[in-house]
Amino acid sequence: MNKIQLVIADWAGTTVDYGCFAPVNAFEKAFQAFDIHPSMDEIREPMGLLKIDHIRAMLNMERIRGQWLEKYGKDPQDGDVTAIYRVFEEKLMESLSEYALPKPGVTEAMEKLRGMGIRIGSTTGYTDEMMDVVKKKAAENGYSPDACFTPDSTGGFGRPYPYMIFSNMKAFAIQSVENVIKVGDTASDIREGKNAGVCSLGIIEGSSMLGLSQEEYEALSAEEKEARHDDVRRRYFEAGADDVLESLSELPEWIRRKESGR
């Protein structure tokens, strides 16, 4: 592996908001406002996309589309997507500051990366307005990456498009995708990284892919944890991940091993 100069990390579920619950709760409330009742798996499946695209993806799911047809007698239209998104945005902004705490080990891992001469970038499915809340709260609790790009900064082209990654690279004048790692907690994160041509890693613990709160995770037996880790790992690799880490804390040593050829 070439010398890593830049790590680009996702936010909710990767570096903050253990379990990625802020958007999940807001999506659930937004759909319920229209008397549509998605499951947790349905809500989480498109996670990582630009949020309005996430709503479109959910409305295209067979079961949810069936609920909509039964309730309204026609397929959902663009205006319906916009209406749901308005409720989603309202619900998310109401609670976002409560879901911006850095995950355990994140601030320590980032300091180790900086000590290795690596810059810290970030991408997200949140808008600039949402990130103003998240960045402020995260910084108050010790996590502040060197750059953050949202779909607002790339003309609305969020994941799985690669442009937020390229914006990070431009900000630090990184010449080659071979000097960059993307880290995330959803299949969309992995696809974003692969579309950009960078090394793409999935994180298990505290991820949207795992979908558990810290309390729920810690209550699992060793056997249950292993089974769930195996399932998440499989899904990351199916999305194209180059590797999967148990937690972000492993990243500095993972980079040292790879750079040394071990």
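The values are calculated or read from the model by the stated rules, or taken from the named source; none is laboratory data. Being a predicted model, the structure only gives us computed values, none of them experimental. With ideal geometry, Cβ positions are generated from the backbone for all residues, glycine too; neighbour counts draw on all protein chains shown. SASA here: full protein model, heavy atoms, side chains in, ligands and nucleic acids out. Shrake-Rupley method; radii C 1.70, N 1.55, O 1.52, S 1.80 Å.
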Give 253, 246, 215 a once-over and let me know the one that is of a type outside the set (A, V, I, L, M, F, W, C), without any contact (Cβ under 8 Å) to a residue 24 or more places away in the chain, over 26 Å from residue 42 (Cβ atoms) and open to solvent by 30 Å² or more (accessible area, probe 1.4 Å).
253
Which residue is nearest to residue 34 (Cα to Cα), if the candidates are limited to region 64-85 and must be surrounded by fewer than 13 Cβ atoms within 10 Å (Cβ to Cβ) and charged (D, E, K, R)?
71
Scan region 194-209 for residues that are closer than 30 Å to residue 225 by Cβ and open to solvent by 10 Å² or more (accessible area, probe 1.4 Å) and jot them down.
194, 199, 205, 209
Among residues of region 170-209, those that are over 18 Å from residue 236 (Cα atoms) and in contact with a strand residue (DSSP E or B) (Cβ under 6 Å, 6 or more places away or on another chain), counted:
3
For region 18-34, what are the residues that are open to solvent by 10 Å² or more (accessible area, probe 1.4 Å) and touching a residue at least 12 places away in the same chain (Cβ under 8 Å)?
18, 21, 25, 28, 29, 33, 34
Which residue out of 191, 235 is at pLDDT 95 or above and surrounded by fewer than 21 Cβ atoms within 10 Å (Cβ to Cβ)?
235
Per the list (1) under 18 Å from residue 105 (Cβ atoms); (2) open to solvent by 10 Å² or more (accessible area, probe 1.4 Å); (3) out of contact with any helix residue (DSSP H, G or I) (no Cβ under 7 Å at 6 or more places or on another chain); (4) not in a helix (DSSP H, G or I), residue check on residue 144 breaks on (3)
In region 100-132, anything at pLDDT below 95 and among the β-branched types (Val, Ile, Thr) is listed as 127
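Yes/no matrix, rows are residues, columns are (1) touching a helix residue (DSSP H, G or I) at 6+ places or on another chain (Cβ under 6 Å); (2) more than 17 Å from residue 18 (Cα to Cα); (3) open to solvent by 30 Å² or more (accessible area, probe 1.4 Å):
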residue	(1), (2), (3)
93	no, yes, yes
100	yes, no, no
106	yes, no, no
112	yes, yes, yes
119	no, yes, yes
151	no, yes, no
162	yes, yes, no
178	no, yes, yes
182	yes, yes, no
